[in-house]
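Reviewing the structure listed below.
The values are calculated or read from the model by the stated rules, or taken from the named source; none is laboratory data. Computed from a predicted structure; not experimentally measured. A quick note on method: Cβ atoms are made from the backbone with ideal geometry, for glycine too, and the neighbour counts reach across all protein chains shown.
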Amino acid sequence: MGFVHKMVSTLSVLVLPLLLSQFADGASVISIDLGTEWMKVGIVSPGVPMEIVLNKESKRKTPAVVAFRDGVRTFGEDAVTVGVRFPKNSYKYLLDLLGKTYDHPLVQDYKAKFPYYEIVASDRGTPVFIHDENTRFTPEELVAQLLAKAKEFAEISHGEKGQQITECVITVPGYFNQAERKAMKDAAALAGLNVLQLINDYTAIAINYGIFRWKEINETAWYALFFDMGAASTAAALVEYKNVKVKDRGVVETVPQMQVLGVGYDRTLGGIEMTLRLREHLIKGWEAGGGGDVRASPRAMEKLLREAERLKIVLSANSEFYAQIESLLDDKDFKLLVTRKELEDLCADLYPRVGAVITRAVAAAGGAGAGARLVLAGGGARSPPVQAALTSAMGQEPAKSINADEAAAMGAVYRAASLATGYKVAPLNVKDAVVLPVQVTFTRHVDGADKLIKRTLFGPMNPYPQKKVITFNKHTDDFHFNVNYAELDHIPSNELACIGSTNLSQVVLSGVGSALAKHQGENVEHKGIKAHFNMDDSGILNLVNVEFVAEKTVTESDDDSTLSKLGSTISKLFSSDTEDAEKKEENTEDKSAEGSAEKNETKTNETTTEKKNATEPEVKPKPKIVTLKEPIKSEEQVITLQPLSTDEFKASKAKITELNSIDKKRTERETALNNLEAFAVDTLMKMDMDEFSECATPEVVEEIKKLCADVSEWLYEDGYDSETELFEKKLAEIQEKTNPLFYKHWEHMERPDAIKAMKNMLNHSQEFLKTSKNFTKEANSEKDIFTEVEIGLLEKKITESESWLEKSIEEQNTLKKSDDIKLTVESIREKMAGIDREVKYLLNKMKIWRPKKPAKKETDNKTEEVVIEKEEKVEESQEEKPVEAETVKEEEVTEPPLQIGDAEVKDEHSEL
């Protein structure tokens, strides 16, 4: 029976991959941590845990650089290499250009840092790069290409063939304003990505920190202060972790919660500022040594920038190091010893700003967060002076318990898995905080003059996502209101300039007077014009709708009126079926009571009835409150930076699509060229090997050699610049000539293993046949599993197969290797399949066989065993009868959408 178990085990191994493939039908989702200098991609897919995607160099992070040279577009390390020789053609540090006007201070600072770029203002007023006479690139288009490359990395690394990744979560700096966040979403749309959420980078880091400390979160709140210094900016966030009770699907559950309490940031404090200062130090060293005007050479300036970046990293762990550049300018080499002390002196004014960021984050939290853990993130935080400044500000050593480079990407991909369909993750309630407060301003005519009224919509550190409603109850005609940034006292003056215009939009309302006139009367009370706003989880403010609201008081006698019916219909929309049922029961009980009272009154005398009616008070109908709503037409006009128009978006999309098409054609051509060249060279080498040349006649071998030599010569002379189709055509010609030869070689190589496998099967089958003969009625009446016919069929199949194999081997051995194959591997497989069918038939019969049950019968004090054939047959038929699956009613469970309670702006009714 060991042979039986072996066969069953083999079948299980074959079935297992099929079962596993059924769980790989879901779509993968990714996170993109797009920083100023580097880009990291996280992914989660069915059966694959959250992890970082590797790029084509098998690295975990990629330089956020895109370059164009000679019609070839490159990314990452290749783009950096292009940028050393052609700085103008390599675009980097693009994050700070998103969502800004041309005259923005950060744009002008960018132009000063990288003077070799030609940047002008577009029709929208945004910066645009002039690449050549015919090509211009906006920051959104360049960022879109980086995002698309990140998507491609994920698809190549983990995606199934033909399956695209479309959903993602993208990290953004927490100080990004509305225009910057919308510009990032536009870039993602150009890249073909659906953004599930734009998540603040420090929030993503805090999520990553929290999910690996799940057991530490309980009812007692504890705090962590995350310090993140990147290439261009620095941010700090004070975060609270604790368990809270939330209501989900009507059930109150206790879940962990992560809430941002305070945020501080410095947009111009980052690693690039230190690198630029160190580059300036190297320039002075070059000029002191009698070098030429290095500032006039973009290529030399780019070499110095790269060497300064390398030197900065090395000096974080060494006290001194040599800066070395070959052929910096005019074929002159450059070498200079730089100490860590010199670097620290160059950046002495930057380190006090580190502590200021921490102080602002703690102050924004309103004094909360006592005993917070200080956790480092970001590459710039590795600098010893930075860590010393942090220790001085916090009074404790900073913790290095997370991966500073990958924490944001991993936290964001966890968030992506929780937002995407098809994944279930451990719950974590995430609450972010508003960094730039928003207010609504409008004018109201008071005492003969227009008075400007200001109302805070989202104050500093208000949690979001959240909905809010503001009520205007003093306006009787069309009016407008403005949405602005306000209450920015907690932001330093240098940061206020980076915000840009504080005016966001103007909302013009029309049809107010007609809406009020439509709902008039003594029993109608106006509740005002209500504007509904939503700050979504991407931190983007949306005006949902504007409506006029009134309340009408009606009695039961007015139920037939049109307005009352409308109010009744609206009320029913907000009542449950249970409440309707209860009302029906109350109405039924009232009617029954009225009928019973009528019968009792008939039985009483007339005098008693009159007396009773005279003393009872008159019952008045109970009034009802009906809410009336009338939509108000609203037109929102963006004041700061106009979003991409439909035509502009289509033009940018077409430009990127054309670049993708060029890349695809270039890749196809390079692949076809490489395939042709490799196949020709490889075939030419194989024709000199006996094991291949013996598989064809000498004439055919010479013909193949000549064909391959001609193709190789053609490639090195005139054919290298040919089109893809010609490469594929020539490859097909060679393959057509060589396929018979390579097929024969494969047959001769694989045949010995196939023959060995068949002989092993025949030996096992013979052993099984011998065992099976003991389970026939003639051999063993108690275990008559097989019939003689079945045993005979297997024996015949084995004998015929042995004879066929022996004869075929003899015939094949008489042939040359170049002759047509007589004993093919496929024919051996067919014979093995025939034996396998017969053996499996008997194995299955052995598995389902059950011994017959004997019946005891007493005759003359003797016990006689009688086999009840009929009962056994019935029993067998019952065993073979398919069991009907139990019908289980599937209950559809729908998860309700996230309910975020409307919050009316405080003091609105008393002031407006």
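From the list A449, A426, A433, which one is surrounded by fewer than 20 Cβ atoms within 10 Å (Cβ to Cβ), in contact (Cβ under 8 Å) with a residue 40 or more places away in the chain and of a type in the set (G, A, S)? Walk me through it before giving the result.
Working: A449 fails: in contact (Cβ under 8 Å) with a residue 40 or more places away in the chain; A433 fails: surrounded by fewer than 20 Cβ atoms within 10 Å (Cβ to Cβ).
The conditions single out A426.
Please find, among L488, L504, L457, L509, the residue that is surrounded by fewer than 19 Cβ atoms within 10 Å (Cβ to Cβ) and of a type in the set (A, V, I, L, M, F, W, C). Outline the logic, then answer.
Details: L504 fails: surrounded by fewer than 19 Cβ atoms within 10 Å (Cβ to Cβ); L457 fails: surrounded by fewer than 19 Cβ atoms within 10 Å (Cβ to Cβ); L509 fails: surrounded by fewer than 19 Cβ atoms within 10 Å (Cβ to Cβ).
Within the list L488, L504, L457, L509, the selection yields L488.
Can you find even one residue in segment 49-58 that is farther than 21 Å from D33 by Cα, in a loop (DSSP other than H, G, I, E, B) and in contact (Cβ under 8 Å) with a residue 24 or more places away in the chain? Step through it out loud before you land on a result.
Restricting attention to segment 49-58, the residues satisfying the condition of being farther than 21 Å from D33 by Cα are none.
Taking every residue of segment 49-58 in turn, none turns out to be farther than 21 Å from D33 by Cα, in a loop (DSSP other than H, G, I, E, B) and in contact (Cβ under 8 Å) with a residue 24 or more places away in the chain.
Give me the pairs: first residue in segment 269-287 and within 15 Å of T234 (Cα to Cα) and assigned by TED's automatic domain parsing to the domain that holds P63, second residue of a type in the set (A, V, I, L, M) and assigned to a helix (DSSP H, G or I), beta-carbon distance under 6 Å, and six or more apart or on different chains, which are they?
none
Could you tell me whether segment 177-195 includes any residue that is over 18 Å from the mean Cα position of the chain (by Cα), within 25 Å of E406 (Cβ to Cβ) and not hydroxyl-bearing (S, T, Y)?
yes
Considering only segment 704-754, how many residues are exposed (fewer than 15 other Cβ atoms within 10 Å of the Cβ), in contact with a helix residue (DSSP H, G or I) (Cβ under 7 Å, 6 or more places away or on another chain) and under 30 Å from N813 (Cβ atoms)?
Count: 1.
Counting only residues that are in contact (Cβ under 8 Å) with a residue 24 or more places away in the chain and in a loop (DSSP other than H, G, I, E, B), which one in segment 750-791 is nearest to the chain's Cα centre (by Cα)?
Among residues in segment 750-791 that are in contact (Cβ under 8 Å) with a residue 24 or more places away in the chain and in a loop (DSSP other than H, G, I, E, B), the one nearest to the chain's Cα centre (by Cα) is I785.
Go through (1) assigned to a strand (DSSP E or B); (2) under 33 Å from the mean Cα position of the chain (by Cα); (3) not acidic (D, E) and name the single condition V120 misses.
Condition not satisfied by V120: (2).
Could you say which residue among T171, T203 is under 15 Å from the mean Cα position of the chain (by Cα) and not aliphatic (A, V, I, L, M)? Full working, then the answer.
Working: T203 fails: under 15 Å from the mean Cα position of the chain (by Cα).
After ruling out the rest, the residue left standing is T171.
Being in a helix (DSSP H, G or I) and surrounded by 14 or more Cβ atoms within 10 Å (Cβ to Cβ) is the requirement here; does E677 meet it?
So E677 passes the test.
Exactly one of (1) of a type outside the set (F, W, Y); (2) at pLDDT below 95; (3) under 30 Å from P298 (Cβ atoms) is unmet by L54. Its number?
(3)
From E302, E240, E287, grab the single residue that is at pLDDT 95 or above and either assigned to a helix (DSSP H, G or I) or under 23 Å from L376 (Cβ atoms) (or both).
Numbers: E302 fails: at pLDDT 95 or above; E287 fails: at pLDDT 95 or above.
Step by step, each of E302, E240, E287 is checked, and only E240 is at pLDDT 95 or above and either assigned to a helix (DSSP H, G or I) or under 23 Å from L376 (Cβ atoms) (or both).
Here is a list: T81, T101. Which entry is in a loop (DSSP other than H, G, I, E, B), hydroxyl-bearing (S, T, Y), more than 24 Å from the chain's Cα centre (by Cα) and not assigned by TED's automatic domain parsing to the domain that holds L328? Let's see the steps before the verdict.
Details: T81 fails: in a loop (DSSP other than H, G, I, E, B).
From the options T81, T101, the qualifying one is T101.
Matching residues to (1) in contact with a Gly (Cβ under 6 Å, 6 or more places away or on another chain); (2) modelled with pLDDT of 95 or more:
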| residue | (1), (2) |
| --- | --- |
| D331 | no, no |
| D349 | no, no |
| A368 | no, no |
| S383 | no, no |
| A409 | yes, yes |
| S418 | no, no |
| G422 | yes, no |
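Pairs needed: first member in segment 455-469, more than 16 Å from L261 (Cβ to Cβ); second member anywhere, in a strand (DSSP E or B) and of a type in the set (G, A, S); C-beta distance under 6 Å; at least 6 residues apart or different chains.
From segment 455-469, the pairs are K468/A903.
If you scan segment 399-427, which residues turn out to be of a type in the set (A, V, I, L, M) and part of a loop (DSSP other than H, G, I, E, B)?
Here is the first cut: in segment 399-427, the residues of a type in the set (A, V, I, L, M) are 399, 402, 404, 407-410, 412-413, 416-417, 419-420, 425-426.
If the condition is that a residue be of a type in the set (A, V, I, L, M) and part of a loop (DSSP other than H, G, I, E, B), then I402, A404, A420, V425, A426 are the ones that fit.
As an exercise: evaluate S122 against (1) touching a strand residue (DSSP E or B) at 6+ places or on another chain (Cβ under 7 Å); (2) buried (at least 21 other Cβ atoms within 10 Å of the Cβ) and give the number of the one condition it does not meet.
Tallying (1) touching a strand residue (DSSP E or B) at 6+ places or on another chain (Cβ under 7 Å); (2) buried (at least 21 other Cβ atoms within 10 Å of the Cβ), S122 fails exactly one: (2).
Scan segment 198-237 residue by residue and report those that are part of a strand (DSSP E or B) and either under 16 Å from I402 (Cα atoms) or free of Cβ contacts under 8 Å to residues at least 60 places away in the same chain (or both). Don't jump to the end; show me each part of the working.
If we filter segment 198-237 for residues that are part of a strand (DSSP E or B), which is where we start, we get 198-200, 222-229, 234-237.
Selection gives Y223, A224, L225, F226, F227, D228, M229, A236, A237.
Residues in segment 142-164: is at least one outside any helix (DSSP H, G or I), more than 29 Å from the chain's Cα centre (by Cα) and not hydroxyl-bearing (S, T, Y)? First the steps, then the outcome.
Residues of segment 142-164 outside any helix (DSSP H, G or I): 159-164.
If we keep only those that are more than 29 Å from the chain's Cα centre (by Cα) too, we end up with none.
The answer is no, given that none of the residues of segment 142-164 is outside any helix (DSSP H, G or I), more than 29 Å from the chain's Cα centre (by Cα) and not hydroxyl-bearing (S, T, Y).
Yes or no: K111 surrounded by fewer than 23 Cβ atoms within 10 Å (Cβ to Cβ), in contact with a His (Cβ under 9 Å, 6 or more places away or on another chain), at negative phi and not assigned by TED's automatic domain parsing to the domain that holds S327?
Numbers: surrounded by fewer than 23 Cβ atoms within 10 Å (Cβ to Cβ): yes; in contact with a His (Cβ under 9 Å, 6 or more places away or on another chain): no; at negative phi: yes; not assigned by TED's automatic domain parsing to the domain that holds S327: yes.
Against the criterion (surrounded by fewer than 23 Cβ atoms within 10 Å (Cβ to Cβ), in contact with a His (Cβ under 9 Å, 6 or more places away or on another chain), at negative phi and not assigned by TED's automatic domain parsing to the domain that holds S327), K111 does not qualify.
Looking at segment 627-650, which of its residues are closer than 22 Å to E152 by Cα and without any contact (Cβ under 8 Å) to a residue 12 or more places away in the chain? Reasoning before the result, please.
In the first step, residues of segment 627-650 are kept if they are closer than 22 Å to E152 by Cα; the result is 649-650.
The one that is closer than 22 Å to E152 by Cα and without any contact (Cβ under 8 Å) to a residue 12 or more places away in the chain: K650.
Of the conditions (1) surrounded by fewer than 18 Cβ atoms within 10 Å (Cβ to Cβ); (2) touching a helix residue (DSSP H, G or I) at 6+ places or on another chain (Cβ under 6 Å); (3) of a type in the set (F, W, Y), Y93 satisfies every one except a single condition; which number is it?
(2)
Under 7 Å between Cβ atoms, at least 6 apart or on separate chains: pull out the pairs that start in segment 657-676 with a residue that is within 10 Å of E728 (Cβ to Cβ) and end on any residue that is surrounded by 14 or more Cβ atoms within 10 Å (Cβ to Cβ) and of a type in the set (D, E, K, R).
Here the result reads A672/E728; L676/K730, each pair linking segment 657-676 to a residue that is surrounded by 14 or more Cβ atoms within 10 Å (Cβ to Cβ) and of a type in the set (D, E, K, R).
Within segment 308-331, restricting attention to residues that are assigned to a strand (DSSP E or B) and of a type outside the set (D, E, K, R), which residue is surrounded by the most Cβ atoms within 10 Å (Cβ to Cβ)? Write out each step before concluding.
Looking only at segment 308-331, we keep the residues that are assigned to a strand (DSSP E or B), and these are 320-329.
Those left that are additionally of a type outside the set (D, E, K, R): 321-325, 327-329.
Details: F321: 19, Y322: 10, A323: 21, Q324: 13, I325: 18, S327: 12, L328: 23, L329: 20.
That would be L328.
Filtering segment 606-646 down to residues that are among the hydrophobic types (A, V, I, L, M, F, W, C) and over 30 Å from S122 (Cβ atoms), which residue is modelled with the highest pLDDT?
Of all residues in segment 606-646, those among the hydrophobic types (A, V, I, L, M, F, W, C) come to 614, 619, 625-626, 628, 632, 638-639, 641, 644.
Still in the list and also over 30 Å from S122 (Cβ atoms): 614, 619, 625-626, 628, 632.
On the way: A614: 47, V619: 61, I625: 88, V626: 89, L628: 90, I632: 94.
So the residue we want is I632.
Within segment 806-821, can one find any residue that is under 55 Å from the mean Cα position of the chain (by Cα), assigned to a helix (DSSP H, G or I), of a type in the set (G, A, S) and surrounded by 14 or more Cβ atoms within 10 Å (Cβ to Cβ)?
From segment 806-821, those under 55 Å from the mean Cα position of the chain (by Cα) are 821; that's our starting set.
Pick out the ones that are also assigned to a helix (DSSP H, G or I) and you get none.
No.
For segment 355-393, give me each residue that is surrounded by fewer than 19 Cβ atoms within 10 Å (Cβ to Cβ), among the aliphatic types (A, V, I, L, M) and outside any loop (DSSP other than H, G, I, E, B).
Passing the criteria: A356, A363, A388.
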